[in-house]
1. Find the residue count for the stretch 156-182, including only residues that are farther than 23 Å from Y67 by Cα, outside any helix (DSSP H, G or I) and not hydrophobic (A, V, I, L, M, F, W, C).
2. Within the stretch 130-152, track down each residue that is closer than 12 Å to E94 by Cα and either in a loop (DSSP other than H, G, I, E, B) or in contact with a strand residue (DSSP E or B) (Cβ under 6 Å, 6 or more places away or on another chain) (or both).
3. Looking at the stretch 143-164, I want the residues that are in contact (Cβ under 8 Å) with a residue 24 or more places away in the chain and have a partner that is hydroxyl-bearing (S, T, Y) and part of a helix (DSSP H, G or I) with Cβ atoms under 6 Å, at least 6 apart or on another chain. Which pairs are those?
4. Within the stretch 3-52, work out how many residues are free of Cβ contacts under 8 Å to residues at least 12 places away in the same chain and either of a type in the set (F, W, Y) or within 19 Å of I125 (Cβ to Cβ) (or both).
5. Being touching a Leu at 6+ places or on another chain (Cβ under 7 Å), within 14 Å of the ligand (Cβ to nearest atom) and of a type in the set (G, A, S) is the filter here; which residues of the stretch 126-181 pass it?
6. Within the group V42, V101, which residue is exposed (fewer than 15 other Cβ atoms within 10 Å of the Cβ) and of a type in the set (A, V, I, L, M)?
7. Are any residues in the stretch 73-129 part of a helix (DSSP H, G or I) and of a type in the set (D, E), and if so, which ones?
Amino acid sequence: MSGPSGVGKGTVCTALRGKLPELVYSVSATTRSPRLGEEDGVNYFFKSREQFLEMMQNNELLEYAEYVGNYYGTPRDFVEKTLESGKDIILEIEVQGALQVKEKFPQGVFIFLLPPSLDELKDRIVGRGTESQATIDHRMSVAVDEIGLMEHYDYAVVNDEIDCACKRIESIIVAEHCKVKR
Ligand code: 5GP
């Protein structure tokens, strides 16, 4: 699942977790500093730049991308083991990374979470109160570029209300499981 910064991916994922306890979540590695309340190993694996580069070199990442000055990547082992065990796993990642995953796992299901409008998106990023003005502006311009890449996704889900967005995603998961080709 991708979607611009501030669209509510984290909130939607937390809500989904409550509704679909069997769905496994991938915890990413990042060089970004933890936000207030974020825990290492829960929200992210917080790494130094050197540690992250080492993970990249050792081929420990399924995908990675640089996003607004920091690296983000998905630990490969956990995803592969989860899939081997027959479970569904959700990756909450930005667009460049999702396109890398699509090359490796074309059978994956790619969902793009959209804000009701760009004004609403900016209000949400500002309202979070965790980013400087320069970062907010940068995240907004990246958001516009990301929305332009939505055509590479299978589904577009508007996050107008958390419950509605969750229902749409749950429906997608159920429908995908019912596909004859699966
Ligand atoms: P944030 O700093 O707001 O937590 O995340 C910034 C962006 O990085 C979000 O769009 C988020 O989905 C994305 N992101 C988080 N983890 C990963 C990852 O493992 N790989 C990639 N490519 N993007 C990620």
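The values are calculated or read from the model by the stated rules, or taken from the named source; none is laboratory data. Everything numeric in this text was worked out from a predicted model, so none of it was measured. In this analysis, Cβ positions are derived from the backbone assuming ideal geometry, glycine residues included, and neighbour counts consider all displayed protein chains.
1. As a first pass, look at the stretch 156-182 and keep what is farther than 23 Å from Y67 by Cα: 160-182.
Subsequent filtering for residues that are outside any helix (DSSP H, G or I) retains 160-161, 179-182.
Checking the rest, the ones that are also not hydrophobic (A, V, I, L, M, F, W, C) come to 160-161, 179, 181-182.
Final tally of qualifying residues: 5.
2. Taking the stretch 130-152 and keeping what is closer than 12 Å to E94 by Cα, we get 139, 142-143, 145-147, 149-150.
Residues satisfying the conditions are L149, M150.
3. If the second residue must be hydroxyl-bearing (S, T, Y) and part of a helix (DSSP H, G or I), the pairs left are I162/T11.
4. Qualifying residue count for the region: 3.
5. Result: A143, single match.
6. On the way: V101 fails: exposed (fewer than 15 other Cβ atoms within 10 Å of the Cβ).
One residue alone meets the criteria, V42.
7. Here is the first cut: in the stretch 73-129, the ones part of a helix (DSSP H, G or I) are 76-84, 95-104, 118-128.
Correct list: D77, E80, E84, E103, D119, E120, D123.
Residue-wise test of (1) modelled with pLDDT under 95; (2) touching a His at 6+ places or on another chain (Cβ under 6 Å); (3) under 24 Å from S28 (Cα atoms).
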| residue | (1), (2), (3) |
| --- | --- |
| I93 | no, no, yes |
| K102 | no, no, yes |
| Q107 | yes, no, yes |
| D119 | yes, no, no |
| S132 | yes, no, yes |
| E146 | yes, no, yes |
| C166 | no, no, yes |
| I172 | no, no, yes |
| K181 | yes, no, no |
